[in-house]
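Here the structure comes first, spelled out in structure tokens, and everything after it is commentary.
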Amino acid sequence: MSNSFLAKIVGMDLANLYASTPGISGYKMEKEPLSLSGFSQAYYGDLLGNAQLLLLRQENRVLIVHYAGDASLKDHVEDFAKLFTQSYTPL
């Protein structure tokens, strides 16, 4: 299975899971698609005041951020997007 295929499935499955079914804690998420240049998927989700989720997918790379706190992930989308411009050594 190629990395890009796996990333697409993981991204779509997580977005759909959090959008339409109760999560582990029993909360549903309000999913909001984000328009972000260079990304094939970008979603922000609010787990009804309990936590936030940010999902960014660019080709075969996926970033998923799950956060419970006072700051808004939506206000920092560009900061998370910058992580995709960094180079990493494969494991």
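Bear in mind that the values in this text are calculations on the coordinates, not laboratory data. Note that the structure is a prediction, hence the values are computed from the model and not measured. Cβ placement follows ideal geometry from the backbone for every residue including glycine, while neighbour counts extend to all protein chains displayed.
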>> From the gyration tensor of the Cα coordinates in segment 29-71, what semi-axes in whole Å does the equivalent ellipsoid have, largest first, with each one equal to sqrt(5λ)?
In response: 20, 10, 8
> Near Leu54, within a Cβ-to-Cβ distance under 12 Å, what is the net charge of the other residues, with Lys and Arg +1 and Asp and Glu -1?
Replying inline: -2
> Which far-off residues, 5 or more places away or on another chain, put their amide H under 5 Å from the one on Glu59, with H placed in the peptide plane?
Replying inline: Ser40
